[in-house]
1. With the requirement that a residue be within 24 Å of the chain's Cα centre (by Cα), of a type outside the set (Val, Ile, Thr) and outside any helix (DSSP H, G or I), what does region B:40-64 give you?
2. How about region A:123-146: which of its residues are more than 17 Å from residue B:184 (Cβ to Cβ), of a type in the set (Ser, Thr, Tyr) and assigned to a helix (DSSP H, G or I)?
3. Looking only at region A:65-82, count every residue that is touching a residue at least 12 places away in the same chain (Cβ under 8 Å) and near DNA strand C (Cβ under 8 Å from one of its atoms) and tell me the total.
4. Please work out if residue B:48 is at pLDDT below 95, aliphatic (A, V, I, L, M) and out of contact with any Ser or Thr (no Cβ under 9 Å at 6 or more places or on another chain).
5. Only one of B:73, B:25, B:109 is touching a strand residue (DSSP E or B) at 6+ places or on another chain (Cβ under 8 Å), assigned to a helix (DSSP H, G or I) and of a type in the set (Gly, Ala, Ser); which?
6. Restricting to region B:188-205, count the residues that are surrounded by fewer than 23 Cβ atoms within 10 Å (Cβ to Cβ) and either facing chain A (nearest Cβ under 7 Å) or without any contact (Cβ under 8 Å) to a residue 60 or more places away in the chain (or both).
7. When you go through A:81, A:112 one by one, which is the residue that is surrounded by fewer than 21 Cβ atoms within 10 Å (Cβ to Cβ), in contact with a Phe, Trp or Tyr (Cβ under 9 Å, 6 or more places away or on another chain) and of a type in the set (Asp, Glu)?
8. Could you say which residue among B:82, B:67 is in a helix (DSSP H, G or I), within 16 Å of DNA strand D (Cβ to nearest atom), within 20 Å of the chain's Cα centre (by Cα) and among the charged types (D, E, K, R)?
There are 2 protein chains.
Amino acid sequence: METRLELPTVELPLFEQAPAERADATRNRARILDAARRLFADRGAACVSMDEIAAAAGVGKGTLFRRFGSRAALALALLSEREIRFQEGFIRGAPPLGPGAPPLERLIAFGEARLDLMADHAEVLAAAEIGPARFDSPPYAVYRLHLTLLLREACPAHDPTYLVEALLAGLGVDLFLHLRGARGMALADIKSGWGALVGSLIDATPAPAR
Amino acid sequence: METRLELPTVELPLFEQAPAERADATRNRARILDAARRLFADRGAACVSMDEIAAAAGVGKGTLFRRFGSRAALALALLSEREIRFQEGFIRGAPPLGPGAPPLERLIAFGEARLDLMADHAEVLAAAEIGPARFDSPPYAVYRLHLTLLLREACPAHDPTYLVEALLAGLGVDLFLHLRGARGMALADIKSGWGALVGSLIDATPAPAR
DNA sequence: CACAGAACCGGACCGGGGTCCACTTAGTAT
DNA sequence: ATACTAAGTGGACCCCGGTCCGGTTCTGTG
């Protein structure tokens, strides 16, 4: 509770990156990621506690949470590399996933790629996209933007806001696990279901010509 | 560890309901539900712990969990009355929600009624439909069946399995809360989004005639 | 090199959901 | 009325994710 005399320093940061973390911090981050990756692979993500990861990384629990903030964020970090590849696929990649193909085909390809991603990393992904916070994750925001653009292009008649979120809900991890598990669907079935969904959605636009 | 001499009594139960719980158990169940309802209403479902409910009900925590099994199940029980009304609406009620209207209109009405339900009880519902277990809840099974029948009728061309689940995902509570909160959508916007979604879906069927 | 202070560290701690089990009690059979 | 038993009870206990804070270590500065 003291009076500040000096004016707040005017920084001209504009895109200055985070002030560079200390060497030991970087080392610990790597250790943690390694340990987590190993434990998750060995015993299944669901059966590994944060304490165990911390112990395996030779690090205190506080450090672990200081670095990653939450279990979900740690899981997300583990997938970031794969996630980035996926995003680049639909942003800059080759058609039909990337630009160049008609929107419907890009939509289908997007869903199928996302389904492949889930098939490969369902467990970790399930740990990452947990709780209502999943809607605020960076990947979700990217997906949302991508689908919004595609839908605007494909069926400008509708306000895409709800449509986008509903479609993304159809690509959620826990739904995926439910479909694969309790409902016994094969990956291919889900893919063709997705195709039917977006196909119908877009064919139905009162398009001038098909 | 003693030998049973008499043969096991042969009951002829076939649909006999659960062996009738003891009087004190019934009384405690009522107390718990009362306490939970009051606390949820007063302070918001998210801010009430199971210990608090047990204490307010004058009951041990063990009892609480023996009766309801989990926090989610307790929340579900709180909503059962309202839930049953909703279900009767679309099973036996008047059109367009109930039988008699064409499937598309029933689908639209179903979504809107479910959205109303969520708007009224979002908090408790969010406590009830949490985690992957939500797919196994009795209401979910009823919804699934209902949508499956409607879709089979409306667009027999497609396998409804995935479609049903995807549509239901678009009516999930946490998506709802996200839309209302972070995305700032009004209830009416969501409803019209739902209408557009199922509308497109069904119009698109290669129907012989509309 | 010495220093200051920010960034970092680790593990004790917290609250919450869920489980366990020794004890009590409501119904039942005699 | 009495004895028996299965259902019921309650609170101590466990594990887990997440927070806090006193002490430590790195790194820019003089």
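The values are calculated or read from the model by the stated rules, or taken from the named source; none is laboratory data. These figures come from a predicted structure and were not determined experimentally. Neighbour counts are summed over all protein chains in view; Cβ atoms, including those assigned to glycine, are modelled from backbone coordinates with ideal geometry.
1. B:44, B:49
2. A:143
3. Counting residues in region A:65-82 that are touching a residue at least 12 places away in the same chain (Cβ under 8 Å) and near DNA strand C (Cβ under 8 Å from one of its atoms) gives 2.
4. no
5. Unique residue meeting the criteria: B:109.
6. 8
7. After applying the criteria, what remains is A:112.
8. B:67
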